[in-house]
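Below: the structure, in structure tokens.
The values are calculated or read from the model by the stated rules, or taken from the named source; none is laboratory data. Not measured: the values here are computed from a predicted model. Counting neighbours? That spans all protein chains shown, and the Cβs are built from the backbone with ideal geometry, glycine included. Note: areas computed on protein heavy atoms with side chains; ligands, DNA, RNA excluded. Shrake-Rupley method; radii C 1.70, N 1.55, O 1.52, S 1.80 Å.
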Amino acid sequence: MEMEWQFILDFVYLSLILAGASLIKRLVKPINNFLIPNAVIAGFLGLLLGPSVLRIIPLCYDRMGMLVYHLMAIGFISIALKRRTSMTSKTSVNTGFFIAASYVIQGVVGFGLTFLMIATFFKDIFPPFGFLLPLGFAQGPGQAYSIGTQWEALGFTNGGMIGLTIAAFGFLWAAFGGIILLNIMVRKKKQIGIPFEKPKIRRRVETLVKDFEFSDIDGFTIQLFAIGVVYLVTYLFLRVFTGFIGQFGTFGETFAQVLWGFHFVVGVLFAFLLRGIYNWIRRSEKYEIEYLNDFLLQRIGGGAFDYMVAASIAAISVQIIGEYLIPILILTTVGGLVTAGYSIWISKRIYSKAVLEHIVGMFGTHTGTISTGIALLREVDPGFESGTAEDLVVGSGLALFLGLPLLMIINLPVLGYTLEQPIYYVLTFVALGGYLGIMYLFWFRRARVRRARETRH
């Protein structure tokens, strides 16, 4: 009987630490200065109270990891089911390319550091280890855990836990490093060329949101139904497709294992397909009722991500990551410094307005999630009047597609490791360099010229 309660108790424990984090942030005023999202505080609170430290809350690492894996897909599917907005803003497109370029830059840094460590003191490191930097920093704990877990079957011991740890260090860089970066940039505001005023305290604004109610079913239930259908189709597709390609030797088995780690991407694609079919059906005038509710979908996605982030940090085992602690510190320290550097350098060259806002927003997004980026942005743009918040949201959607090549490139070193073919490592660097070259020619160079033209006018 006790086993049947485990998942319910996990939900209760996560709810309690999320509530505790909100209370701590409200009572301990200095914590507000570090712009740490409640879910991140809750995660570290769960880590402190969990089996690794005080052993007060009996969290299970395997179940926490499973929650992270599925909540990530549910969150992405719910967001993908929302109504698509047209990306007509040039700055939003710039931001999308910037986010995608960040994946690749962090991939080059991480993969290069891995081979530097292999050549010196850490000869037994799993070769694709460095790719957990862009997965954990720029894409979040869900992706890092999901893909790291799939690599465990290919020889990467505790890959999922290590992925979560790197993502947790990313949140620390976003929170504490973001404050340092913010203060440095404000002091150098004259070099950036924009004024800065201390944000004013905003009054609480009550927003009335229309909720769709139906006579025979609740609107929230309909959203869950749509998400469930997409996730079921995702599972069936992966089960059939990976079963098919698994018949083609080691290559097929490796690719099948990796594909399960990318279940969230497959889910997003099917969510886009369902939304497209839904929009096509509703073109007829006889379908006046709007069943898919953007507000409810956003709330489901936001809730899933909050619980996912809290569970991802609480799931870290201090004992398990001990072997990889020094490589993790090297990877995240260099990665954090490089991220701060290119966030400043690129932003000053592609944005003609709201440069400071984009710098801090992009740094927070590239080291944590879009929520940490928005949290940092709020310090310099409390009313979100600069348009940077919209750029981050819309740009993230574009980056999802632009970043797909990287998700394919990171499979090359995995194949090289399992097939014992070092040539794949060389191909990985070539592919990363080629992708960066294409980004430079077709985006960065043009964006830089456009920015110079707008500045002159």
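With respect to Gly178, determine if the residue is open to solvent by less than 20 Å² (accessible area, probe 1.4 Å), modelled with pLDDT under 80, assigned to a helix (DSSP H, G or I) and closer than 30 Å to Ile320 by Cα.
Numbers: open to solvent by less than 20 Å² (accessible area, probe 1.4 Å): yes; modelled with pLDDT under 80: no; assigned to a helix (DSSP H, G or I): yes; closer than 30 Å to Ile320 by Cα: yes.
Criteria not met by Gly178.
Here's the yes/no breakdown for (1) more than 17 Å from Leu71 (Cβ to Cβ); (2) of a type in the set (A, V, I, L, M, F, W, C); (3) surrounded by fewer than 19 Cβ atoms within 10 Å (Cβ to Cβ):
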position: Ser15; (1), (2), (3): no, no, yes
position: Leu27; (1), (2), (3): yes, yes, yes
position: Ile31; (1), (2), (3): yes, yes, yes
position: Ala39; (1), (2), (3): no, yes, no
position: Ala42; (1), (2), (3): no, yes, no
position: Gly46; (1), (2), (3): no, no, no
position: Leu49; (1), (2), (3): yes, yes, no
position: Val53; (1), (2), (3): yes, yes, yes
**Message:** Suppose the filter is touching a residue at least 40 places away in the same chain (Cβ under 8 Å) and either open to solvent by 90 Å² or more (accessible area, probe 1.4 Å) or not polar (S, T, N, Q) (or both); does Tyr440 pass it?
**Reply:** no
**Asked** Here are Val104, Val109: which of them is β-branched (Val, Ile, Thr), open to solvent by 10 Å² or more (accessible area, probe 1.4 Å) and part of a helix (DSSP H, G or I)?
**Response** Val109
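Would a scan of segment 327-337 turn up a residue that is over 24 Å from Tyr103 (Cβ atoms) and open to solvent by 10 Å² or more (accessible area, probe 1.4 Å)? Break it down stepwise before answering.
So the first thing to find is which residues in segment 327-337 are over 24 Å from Tyr103 (Cβ atoms), and the list is none.
The answer is no, given that none of the residues of segment 327-337 is over 24 Å from Tyr103 (Cβ atoms) and open to solvent by 10 Å² or more (accessible area, probe 1.4 Å).
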**Request:** Confirm whether Gly159 is open to solvent by 10 Å² or more (accessible area, probe 1.4 Å) and either within 21 Å of the chain's Cα centre (by Cα) or at pLDDT 85 or above (or both).
**Result:** no
**Item:** Among (1) in contact (Cβ under 8 Å) with a residue 40 or more places away in the chain; (2) of a type in the set (D, E, K, R); (3) not in a loop (DSSP other than H, G, I, E, B) - the single one Arg299 does not satisfy
**Value:** (1)
**Prompt:** What is the residue count in segment 3-23 for residues that are out of contact with any Leu (no Cβ under 7 Å at 6 or more places or on another chain) and either at pLDDT 85 or above or not aromatic (Phe, Trp, Tyr) (or both)?
**Reply:** 14
**Asked** So is Arg26 touching a residue at least 40 places away in the same chain (Cβ under 8 Å), basic (Lys, Arg) and not in a loop (DSSP other than H, G, I, E, B) or not?
**Response** no
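One line per residue, one yes/no per condition, for (1) surrounded by 20 or more Cβ atoms within 10 Å (Cβ to Cβ); (2) among the hydrophobic types (A, V, I, L, M, F, W, C); (3) at pLDDT 85 or above:
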position	(1), (2), (3)
Arg275	no, no, yes
Gln298	no, no, no
Met308	yes, yes, no
Ile316	yes, yes, no
**Asked** In segment 134-156, which residues are more than 15 Å from Thr114 (Cβ to Cβ) and either among the polar types (S, T, N, Q) or open to solvent by 10 Å² or more (accessible area, probe 1.4 Å) (or both)?
**Response** Ala138, Gln139, Gln143, Tyr145, Ser146, Thr149, Gln150, Glu152, Ala153, Leu154
**Prompt:** Quick check: anything in segment 307-328 in contact with an Asp or Glu (Cβ under 7 Å, 6 or more places away or on another chain) and part of a helix (DSSP H, G or I)?
**Reply:** no
**Complete:** A careful count of residues in segment 293-332 that are more than 18 Å from Thr372 (Cα to Cα), among the polar types (S, T, N, Q) and in contact with a Ser or Thr (Cβ under 9 Å, 6 or more places away or on another chain) gives 2
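Name the residue that is modelled with the highest pLDDT, counting only residues in segment 207-219 that are surrounded by fewer than 15 Cβ atoms within 10 Å (Cβ to Cβ) and within 29 Å of the chain's Cα centre (by Cα). Give the steps one after another, and end with the answer.
Here is the first cut: in segment 207-219, the residues surrounded by fewer than 15 Cβ atoms within 10 Å (Cβ to Cβ) are 207-211, 213-218.
Now restrict to residues that are within 29 Å of the chain's Cα centre (by Cα): 207, 209, 211.
Details: Thr207: 38, Val209: 46, Asp211: 50.
So the residue we want is Asp211.
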**Request:** Could you look through segment 338-370, keep only residues that are hydroxyl-bearing (Ser, Thr, Tyr) and part of a helix (DSSP H, G or I), and pick out the one that is surrounded by the fewest Cβ atoms within 10 Å (Cβ to Cβ)?
**Result:** Tyr342
**Request:** Go through segment 398-430 and count every residue that is under 21 Å from Leu259 (Cα atoms), assigned to a helix (DSSP H, G or I) and open to solvent by 30 Å² or more (accessible area, probe 1.4 Å).
**Result:** 13
**Request:** May I ask you to list the residues in segment 181-193 that are β-branched (Val, Ile, Thr) and either modelled with pLDDT of 75 or more or in contact with a Phe, Trp or Tyr (Cβ under 6 Å, 6 or more places away or on another chain) (or both)?
**Result:** Ile184, Val186
**Item:** Subset tally (residues that are modelled with pLDDT of 80 or more and in a helix (DSSP H, G or I)) for segment 41-67
**Value:** 13
**Message:** Considering only segment 85-98, I want to know if a residue exists there that is open to solvent by 10 Å² or more (accessible area, probe 1.4 Å), at pLDDT 90 or above and of a type outside the set (A, V, I, L, M, F, W, C).
**Reply:** no
